[in-house]
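What follows is calculated from the coordinates using simple rules that are stated; it is not laboratory data. Quantities reported herein were computed from a predicted structural model and do not represent experimental measurements.
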Amino acid sequence: MFLLILLSAVALCGCAQYSSDQCNWRGSGLTHESHARDVEQVYLRCAEGSLEWLYPTGAVIVNLRPNLPPADGHLRACIKPRPDSRGATLYVERAGELRLLLTEEDQTAGRVRCFSLQEGALFVEASARRDISRRITAFQYQLISTQTPGDETYSQTAACRPCADDELLMAICTSDFVVRGSIQHVEEDNNDEDQASVVLSLSHVYQQKSRVFVSGGGGRGRGRWTGHVKMPRRCGPRAGQGEFLFTGAVRFGEAWLRCAPLYKDFIRLYRAALDVGTNPCRIDTD
């Protein structure tokens with residue numbers, strides 16, 4: 001069936017519709033409901049955006065071709081479904097070969113999945129149902145450079161490893177957030193048994209993107225800043241482990257942990273690098 005759908009994309013390319021928005025696409029399966037195996041070709045050229053497919057029938061091939069210079073290196077696309085997304089299954093497609101990315105159940109649970117753009121395009125296939133009413137397939141996408149040092153967002157294999165000294169020093173330059181504080185408590189995440197949501201109590205916010213950490217008192221005193229970070233549950237986060245320097249990336253509005261050394265170990269490393277001039281950037285440690 002998959003092969004028939006893919007072949008039909010060639011035969012029916014004349015009726016394909018293209019989005020005028022370079023970042024987002026919104027379409028309806030009702031435009032080709034009488035041709036249940038029609039395939040829509042979509043081209044998106046931004047670093048992030050969204051797709052919303054109403055009444056899905058047939059399939060949509062999403063070609064992510066960002067307008068980025070070659071120096072940006074290889075890119076991964078991460079897909080975050082909307083909680084009400086249903087009616088289609090997501091695959092990665094290359095030369096007629098399909099690899100499963102997200103089932104309908106994965107989408108309902110809010111699972112985030114990533115793939116390399118070198119693997120191919122995103123193939124969104126509507127489920128075979130007679131009643132397509134009240135079904136919407138919707139997700140956000142975000143492109144991540146694989147050349148970002150230490151960026152292992154959503155990785156279950158390497159996220160708990162200690163960061164090397166040079167990687168840690170670079171993390172304070174390239175991270176979306178750099179904060180100092182401690183773990184207040186760990187929240188249960190019923191939607192994803194693999195990930196933990198960790199509540200931080202912070203004394204300093206050196207830098208942050210998208211204001212994922214908020215101040216409750218208008219100052220920088222201990223405990224006045226708070227926020228959540230995501231990390232694999234297998235890393236074993238728990239309260240009362242000491243004061244850390246937390247660094248990481250912001251993906252889909254959520255903070256994901258990258259390097260998190262004990263603050264006393266970081267400050268020793270940082271000051272030694274300052275003495276010999278090997279620190280790639282500076283932060284205020286007073």
Notebook entry, point to check: Hey, what do the phi angles of region 243-248 turn into as Karplus ³J(HN,Hα) couplings, whole Hz, using 6.51/-1.76/1.60 and θ = phi - 60°, x for Gly and Pro?
Noted result: 9, 10, 9, 9, 10, x
Item checked: Long-range amide H partners of residue 50 with built H, under 5 Å -> 24, 25, 141
Next item on the list: Would you please give the residues with an amide H less than 5 Å from that of residue 57, counting only those at least 5 places away or on a separate chain, with H modeled from the backbone geometry?
Entry: 29
Item checked: Value of relative contact order over region 165-276, rounded to a whole percent, pairs C-alpha under 8 Å and six or more apart -> 29
Check: Hey, what do the phi angles of region 101-110 turn into as Karplus ³J(HN,Hα) couplings, whole Hz, using 6.51/-1.76/1.60 and θ = phi - 60°, x for Gly and Pro?
Finding: 10, 9, 7, 4, 5, 4, 5, 4, 7, x
Margin query: I need the phi-derived Karplus couplings for region 38-54: 6.51 cos²θ - 1.76 cosθ + 1.60, θ = phi - 60°, integer Hz, Gly and Pro marked x.
Written below: 4, 10, 8, 9, 10, 10, 10, 10, 10, 6, 7, x, 8, 9, 9, 10, 7
Notebook entry, point to check: Which three extents, in whole angstrom, do the alpha-carbon atoms of region 165-276 cover along their principal axes, largest first?
Noted result: 48, 33, 28
Next item on the list: Would you grab the residues whose amide H sits under 5 Å from the one on residue 127? Only those 5+ places off in sequence or on another chain, please, with H modelled 1.01 Å from N.
Entry: 88, 89
